[in-house]
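I have placed the structure first, in the form of structure tokens, so that the comments after it can refer back to it.
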2 protein chains.
Amino acid sequence: MRIALDAMGGDLAPAEPVKGALLAAKEYGIDVAIVGPRARLEAELIKQPTDARVQIVDAGETIAMDEDDIAREVRRNPEAAINVAMALVRDGKADAVVSAGNTGAVMASAFFVLGRIPGIERPAVGMLLPYNSADVFLIDVGANVDCRASHIVQFGEMGSAYMERVRGVKNPRVGLLNNGEESSKGNELTLEAHEKLKEAKLNFIGNIEGAHVHKGVVDVVVTDGFTGNIALKVGEGIADYVLQQVRAVIKSSVLYTGAAVLLKPALRRAFKSMRYEEYGGANLLGVNGVVVIGHGRSDGMAVKNAIRVAREAASSGLIEQMRASFSKPPAPSSLSSGG
Amino acid sequence: MRIALDAMGGDLAPAEPVKGALLAAKEYGIDVAIVGPRARLEAELIKQPTDARVQIVDAGETIAMDEDDIAREVRRNPEAAINVAMALVRDGKADAVVSAGNTGAVMASAFFVLGRIPGIERPAVGMLLPYNSADVFLIDVGANVDCRASHIVQFGEMGSAYMERVRGVKNPRVGLLNNGEESSKGNELTLEAHEKLKEAKLNFIGNIEGAHVHKGVVDVVVTDGFTGNIALKVGEGIADYVLQQVRAVIKSSVLYTGAAVLLKPALRRAFKSMRYEEYGGANLLGVNGVVVIGHGRSDGMAVKNAIRVAREAASSGLIEQMRASFSKPPAPSSLSSGG
């Protein structure tokens with residue numbers, strides 16, 4: 001197992017990605033190739049007091065963050081770290097790419113270097129949310145802000161493949177994020193997607209409201225990338241807010257502070273289960289290789305966890321299964337007896 | 001000040017609405033008319049040990065909850081409690097309506113009995129979210145699941161009027177809920193709405209991400225009713241979830257439980273600030289009268305707070321201001337010098 005890490009991606013690059021690579025190499029006993037300008041990475045490695053070893057793959061700087069021209073920038077810079085990391089996977093020299101870089105840049109690079117799996121209309125970004133009751137896979141969290149119903153069905157198929165293959169969930173339950181549970185509820189897009197999801201080869205259990213996403217009633221929540229982004233971000237924001245409130249209350253008096261000292265280890269555990277650093281990263285599904293996108297503010301711990309997510313997907317055979325299941329056109333149910 | 005309360009609306013009607021009416025009458029010193037079948041309401045009042053007084057306005061039962069036919073059901077039952085309550089406002093016999101009934105039924109009744117304010121394309125439901133940093137008004141939270149950009153601009157105008165008139169916020173800052181802050185980000189709808197909001201007579205400060213809604217950087221967050229519903233519900237769900245986690249940790253050992261006893265009053269305060277019962281209710285804006293919609297599971301405390309919200313709006317002159325500002329067609333800025 002070998003992971004290619006874009007050492008130049010993210011707000012804290014290259015220091016924190018390098019730190020994360022060393023942590024992962026040590027903890028998981030896997031090969032990690034850190035990709036970026038050799039001199040800068042060597043300088044970072046010298047600062048790290050560890051006996052872990054990673055390999056440097058020399059590459060250029062990161063892509064300039066011009067949102068409008070990101071795809072062109074990616075194509076114009078084949079030596080950019082993210083492109084070199086993708087090429088390692090394309091050429092069979094690594095099993096997965098991890099980057100905390102700009103999501104648009106990572107996606108553009110994956111499309112450019114790895115390409116889509118045949119049969120996939122729109123690759124999408126899915127995020128495994130580790131709630132206490134169960135893990136929930138939310139897809140799409142931002143790749144496709146304007147979707148057709150058929151895209152949402154494919155997101156369901158990709159999310160279902162992920163939960164089954166990577167997470168070992170048998171016959172994953174799929175729910176459509178909606179403004180009500182009844183099948184009569186929804187906007188134009190979700191009303192149509194609901195009908196199409198019922199016809200798909202999926203364990204589709206119906207609509208799911210925003211308030212129930214965390215409850216473990218479904219394994220996969222499908223939605224368009226705009227709504228998914230809002231849901232993910234509101235959830236992160238509110239979780240932070242509530243924890244801040246609890247902290248503020250605890251600090252508000254000497255008496256409480258005394259009690260809080262006793263509670264601290266336990267509260268830290270609760271806080272930890274909410275933090276993005278622990279999630280690891282989001283999965284770009286539908287391209288020809290395992291690609292994990294970390295949070296832009298990823299520190300070493302977050303990068304390490306993103307590598308864990310990538311390793312899990314790479315060892316699962318997910319890509320091979322998706323190639324097999326999407327490459328052949330699905331037999332329309334109305335014609336299935338005519339074959 | 002007189003509030004008409006639909007005593008038959010909500011999962012816990014009529015017991016909890018009646019309780020809430022009595023609490024509000026006592027605490028706020030206002031007249032509350034409870035609307036519903038006289039015999040049932042009299043039976044409820046007898047059970048309540050209070051010296052508070054409310055008036056009964058006799059009416060029929062509630063509307064059957066058939067989602068598809070809700071508008072027809074409302075029209076067919078002029079004697080239903082919600083319609084009788086609306087008629088009190090229409091006829092100047094009450095200053096506001098409060099109901100914890102089905103949102104679709106309350107909206108249909110408001111359209112049918114009160115009608116829209118001239119110039120309003122689509123009434124919308126706005127919710128005041130009481131974060132510690134500031135109050136934020138989220139609109140639309142579910143009335144209009146498919147919107148045009150022009151609707152979203154009007155939601156901004158209505159939300160801005162609410163925050164200015166009812167909450168005393170000078171020149172309220174308006175943000176568009178979006179999947180990124182940059183003006184280049186968004187789906188088709190938000191890209192167009194962004195441009196239109198810039199041209200509107202609003203203190204539009206740009207896009208706002210889901211993670212920043214609670215931070216008090218804007219006073220009004222505008223969005224279509226589908227996205228607003230998801231944002232509201234995900235926020236509620238995650239807040240509940242995080243508090244459950246904290247509670248579970250606190251209960252997980254005898255040592256922690258001891259500390260938790262000391263912390264309890266403080267934590268209860270933190271929990272309280274997250275609970276919908278305290279919010280009071282959502283405002284249906286754009287109809288010819290003050291209408292507040294409580295949560296379907298409203299208990300007496302929640303109904304009391306919904307009455308507080310209604311009273312605040314009714315005494316603010318909001319409806320008169322909206323009639324004045326929407327009834328005249330706005331002068332397009334490109335023609336403003338041409339008189």
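The values are calculated or read from the model by the stated rules, or taken from the named source; none is laboratory data. Because the structure is a prediction, the values reported are computed rather than measured. Note that we place each Cβ from the backbone using ideal geometry, even for glycine, and neighbour counts take in every protein chain shown.
Data table
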read-out: Search result, residues across the stretch A:54-78 that are out of contact with any Leu (no Cβ under 9 Å at 6 or more places or on another chain), under 30 Å from A:Glu27 (Cα atoms) and not aliphatic (A, V, I, L, M); value: A:Gln55, A:Gly60, A:Glu61, A:Thr62
read-out: Residue check for A:Ala94: closer than 30 Å to B:Glu181 by Cβ and buried (at least 21 other Cβ atoms within 10 Å of the Cβ); value: no
read-out: Test: residue in the stretch A:149-158 that is closer than 21 Å to A:Ala314 by Cα, within 14 Å of chain B (Cβ to nearest Cβ) and of a type in the set (D, E, K, R); value: no
read-out: So A:Leu191, is it in the same structural domain as A:Phe155 (by TED's automatic domain parsing) and either in a helix (DSSP H, G or I) or polar (S, T, N, Q) (or both); value: yes
read-out: Flag for A:Asn102 being out of contact with any strand residue (DSSP E or B) (no Cβ under 6 Å at 6 or more places or on another chain) and in the same structural domain as A:Glu73 (by TED's automatic domain parsing); value: yes
read-out: Of all residues in the stretch A:37-67 being at pLDDT 95 or above and assigned to a loop (DSSP other than H, G, I, E, B), the one that is surrounded by the most Cβ atoms within 10 Å (Cβ to Cβ); value: A:Ala59
read-out: Meets criteria (touching a Cys at 6+ places or on another chain (Cβ under 7 Å) and surrounded by fewer than 24 Cβ atoms within 10 Å (Cβ to Cβ)) for B:Leu189; value: yes
read-out: Unique residue being surrounded by 21 or more Cβ atoms within 10 Å (Cβ to Cβ) and within 15 Å of the chain's Cα centre (by Cα) when the list is A:Val84, A:Val136; value: A:Val136
read-out: Filter result (of a type in the set (Asp, Glu) and free of Cβ contacts under 8 Å to residues at least 12 places away in the same chain) within the stretch A:307-327; value: A:Glu320
read-out: Near pairs, Cβ below 6 angstrom, 6+ apart or cross-chain, from the stretch A:108-133 (over 16 Å from A:Asn288 (Cβ atoms) and away from every other protein chain (no Cβ under 14 Å)) to any residue that is crowded, with 20+ Cβ neighbours inside 10 Å and among the polar types (S, T, N, Q); value: A:Gly126/A:Asn283
read-out: Residue within the stretch A:163-185 that is more than 20 Å from A:Asp135 (Cα to Cα), within 12 Å of another protein chain (Cβ to nearest Cβ), acidic (Asp, Glu) and surrounded by fewer than 18 Cβ atoms within 10 Å (Cβ to Cβ) present; value: yes
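Condition check ((1) of a type in the set (Lys, Arg); (2) within 21 Å of the chain's Cα centre (by Cα)) across all residues:
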residue	(1), (2)
B:Pro14	no, yes
B:Arg38	yes, no
B:Leu41	no, no
B:Ala71	no, yes
